[in-house]
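Data first, discussion second: the structure below is written as structure tokens.
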Amino acid sequence: MNWVGKELSVALLLGAGTGVVMMWPTLLAGSWGALWLAVVFGGPIGLLVGFAAVGGGKYAQRLDLWWPARSAQRWRHRFAGCSAAAVLLLVAAAMGWAIALPSNFSAGGAPIPWIVLTVIVVVSYVCSYLLSPAQPRETLTPAADPTAPTTPPTTAVASGSATHRETGS
């Protein structure tokens, strides 16, 4: 299973687990029928967050074509950062929409939405870091990408940092 499958599987399990935790008071009250409801709604929401994380990871792979990471550790941090940023945009938009609805949902000045958003983004970052591919081009190669530059990455000069030997002149 490649990183996409792992990422989506973990997101599905975390979403279902979060749904169970959210329904915990109902479960303690003896309503075990709510358990399936928690898994049925929590799983797809986790999967939606997982799709956002995969989109961020694909962006990190595409970004590495033009801005290669200097080490494997920096690559993993960039991958996790792009995935977490995509999750942040999705969850922040959903929370903003929920708060803006003319309904009974209200933050009431409490920092709860910020705490929830922070926890979701941090968990997404950690999971993406741990599940990131070992190398940036594991599933995306320049030959397979129609928008990839035709210049090999070794001959590109980034922001005038090349020395006389590197440019060949």
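Bear in mind these aren't lab numbers, they're just calculated from the coordinates by the rules spelled out. Because the structure is a prediction, the values reported are computed rather than measured. Glycine also receives a Cβ, built like all others from the backbone with ideal geometry; neighbour counts cover every protein chain displayed.
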Problem set entry | Verdict on Leu37 being aliphatic (A, V, I, L, M) and in contact with a Phe, Trp or Tyr (Cβ under 8 Å, 6 or more places away or on another chain) | no
For this session: Would you be able to say whether some residue in segment 27-41 is touching a residue at least 40 places away in the same chain (Cβ under 8 Å) and not in a loop (DSSP other than H, G, I, E, B)?
Result: no
